[in-house]
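Laboratory data are not the source of any read-out in this text; all were calculated from the coordinates shown. This one's a predicted model, so the numbers in the text were calculated from it and none came from an experiment. Note that each Cβ is placed from the backbone with ideal geometry, even for glycine, and that neighbours are counted across all protein chains shown.
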Amino acid sequence: MLKGKRGLVVGIANANSIAYGCAVKLRAFGADLAVTYLNDKAEKHVRPLAEALGASIVAPLDAQEPGQLEALFAHIADRWGRLDFVIHSIAFAPRADLHGRVIDCSAEGFAQAMHVSCWSFLRMAKLAEPLMTDGGALVTMSYYGADKVVGNYNMMGPVKAALEASVRYAANELGDKGIRVYAVSPGPLKTRAASGIAQFDELIEMALERAPAHRLVDIAEVGRVVSFLVGGAASGMTGDTIYVDAGLHNVA
C-alpha cells in the first residue's frame, strides 16, 4: 500500500512509543522511513529500533534546539529529494505546570509546552511543504482532553486543542498542493510520555470501564490507522481529528 513512499517519523523513545507503533506498520506496508531520536541518551534506545525497521535515515532532533528542525529537513532533502509523509508524535510540558491547575501554569511552562507540542508541528509542515512535490500527508497525535475536560490532563488540554486547530488551518492552507493534514487521537496508552500525567492509572481504569469494548487500544492499532491516512485510500479526507480509542470519546 505504501511501497515507494518516504516518510519521517518523529517521537520514538522506545518500543512502547506510539511513534514506534506507527513506524512498524508504515514499514510493514512498504514505506521507507527516516527516524529521529531526542539526544545522545535516547539514541541508544532508538537506533536499534530504527535499524530493525531498516530506516534509511536516523538523525537527532530536539525541537527546542534552534536549527535542528531545519538541519533535519535539509538532510532529508539531500538524501531523498522529496517527502511523502510526516508523523509528529512529540509533546512536552514541565512537570510542575502539568500537575497544577491550568490557571496557575507559568508563562514559561505554557510557552514551552506550546513550542514542543504544537508549534513544532507547524514548523515541520512548513519545512515539508517544498519536499511534498506530489502531495503528501502530515499527521500529529492529540488526545480527547483537547475537546473535553479530562481530570489531571490539565495544561495539555489547551495545548492539544491548539494543535487540533492548527491541523484544520494547515489543511486549509496546504490543500491546493495536495497535502492532507490530520490529528490522530488515541485513547490512553501506557507510554513513557503518558506516565508524566498525575494519577495516570486512574485514567486507564476509567477508559477500561467506559469504553464500549472495555479495553484499551494498542500502538499497532494506531499504526494501522496512520498507515491508512498517509496512503491513497484517505485521499478524500483532510483537517480531521481521527479517534482511535475503542469508542471511548462517544460515551458520556
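Summary of computed values
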item	result
Candidate set from the stretch 95-142 (those that are β-branched (Val, Ile, Thr) and surrounded by fewer than 23 Cβ atoms within 10 Å (Cβ to Cβ)); member that is farthest from the chain's Cα centre (by Cα)	ILE103
Any hit, the stretch 155-162, residues being more than 28 Å from ALA220 (Cα to Cα), assigned to a helix (DSSP H, G or I) and either touching a residue at least 12 places away in the same chain (Cβ under 8 Å) or not hydrophobic (A, V, I, L, M, F, W, C) (or both)	no
Residue within the stretch 179-186 that is hydrophobic (A, V, I, L, M, F, W, C), in contact with a helix residue (DSSP H, G or I) (Cβ under 7 Å, 6 or more places away or on another chain), part of a helix (DSSP H, G or I) and free of Cβ contacts under 8 Å to residues at least 60 places away in the same chain present	no
Extreme residue, farthest from LEU2 (Cα to Cα), among residues of the stretch 24-76 that are hydroxyl-bearing (Ser, Thr, Tyr) and crowded, with 21+ Cβ neighbours inside 10 Å	TYR37
Near pairs, Cβ below 6 angstrom, 6+ apart or cross-chain, from the stretch 94-113 (under 20 Å from PRO66 (Cα atoms)) to any residue that is part of a helix (DSSP H, G or I)	PRO94/GLY109; GLY109/ASP97; ALA113/VAL159
Residue tally, condition surrounded by fewer than 21 Cβ atoms within 10 Å (Cβ to Cβ) and of a type in the set (A, V, I, L, M), over the stretch 3-23	2
Any helices (runs of 4 or more DSSP H) falling wholly within the stretch 13-91 and containing at least 1 residues that are closer than 29 Å to GLY145 by Cα and hydroxyl-bearing (Ser, Thr, Tyr)	18-28
ALA252 vs. criteria of a type in the set (Gly, Ala, Ser) and under 22 Å from ASN16 (Cβ atoms)	no
Those residues of the stretch 92-110 which are among the aliphatic types (A, V, I, L, M) and not in a helix (DSSP H, G or I), in sequence order	ALA93
All positions within the stretch 143-178 that are surrounded by fewer than 21 Cβ atoms within 10 Å (Cβ to Cβ) and among the hydrophobic types (A, V, I, L, M, F, W, C)	VAL149, VAL150, ALA161, ALA162, ALA165, ALA171
Selected residue (criterion: surrounded by the most Cβ atoms within 10 Å (Cβ to Cβ)) from residues of the stretch 222-237 that are more than 12 Å from MET1 (Cβ to Cβ) and out of contact with any strand residue (DSSP E or B) (no Cβ under 6 Å at 6 or more places or on another chain)	GLY223
Residue match in the stretch 200-215 (condition: out of contact with any Cys (no Cβ under 7 Å at 6 or more places or on another chain), among the hydrophobic types (A, V, I, L, M, F, W, C) and part of a loop (DSSP other than H, G, I, E, B))	yes
